[in-house]
Amino acid sequence: MSDCLFCKIRDGQIPAQITHRDDHVIAFKDIGPKAPLHELVIPTRHIASLTDVTLADTDLLGRLMVVASQRAKHSGQAGNGFRIVMNAGPDAGQSVHHIHLHVLAGRPLAWPPG
Ligand code: 5GP
Ligand code: ZN
């Protein structure tokens, strides 16, 4: 999608610290980290919201989760645990409309979130 921030990061039009890239999934460091480890894991294909996915996206959604887990594991910052979050819609605080998992680790993470 031409005016999507994360599509632009995918296409190299906006710089980002990419930590993983394959045919289906990209991970990169969040520009405003909320924890010592804070990466975003996105599908290469533009999907605006988790409410837009169908069962045809099951494999892709699984891939997002696997890459997120691997990023936590390989970061060296998640030995005490980590959290994977996807915000959907305004009440959840979704601000970029290209689905993304947040991977957070490196400090105690309060529950429930705000
Ligand atoms: P959301 O609020 O939609 O769940 O998460 C969007 C995330 O994207 C936020 O954590 C925010 O810091 C991050 N973000 C916003 N703009 C940029 C950017 O230009 N580059 C990177 N790497 N992250 C961004
Ligand atoms: Zn996009």
Mind checking which residues of the range 37-53 are surrounded by 14 or more Cβ atoms within 10 Å (Cβ to Cβ) and part of a helix (DSSP H, G or I)? LEU50
Only residues that are under 16 Å from the mean Cα position of the chain (by Cα) and among the aliphatic types (A, V, I, L, M): list them for the range 47-62, please. ILE47, ALA48, LEU50, VAL53, LEU60, LEU61
Filtering the range 88-114 down to residues that are within 10 Å of the chain's Cα centre (by Cα) and under 15 Å from THR51 (Cα atoms) yields HIS98, ILE99, HIS100, LEU101
In the range 1-36, the residues that are within 8 Å of ligand 1 (Cβ to nearest atom) and part of a strand (DSSP E or B): PHE28, LYS29
With the requirement that a residue be farther than 17 Å from GLU39 by Cα and surrounded by 12 or more Cβ atoms within 10 Å (Cβ to Cβ), what does the range 54-87 give you? ASP57, LEU60
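A short reminder: the numbers here are calculations on the coordinates, not readings from a lab. Small disclaimer: the values here were computed from a predicted structure and weren't measured. Reconstructed Cβ throughout: ideal geometry from the backbone, glycine too, with neighbour counts over all protein chains shown.
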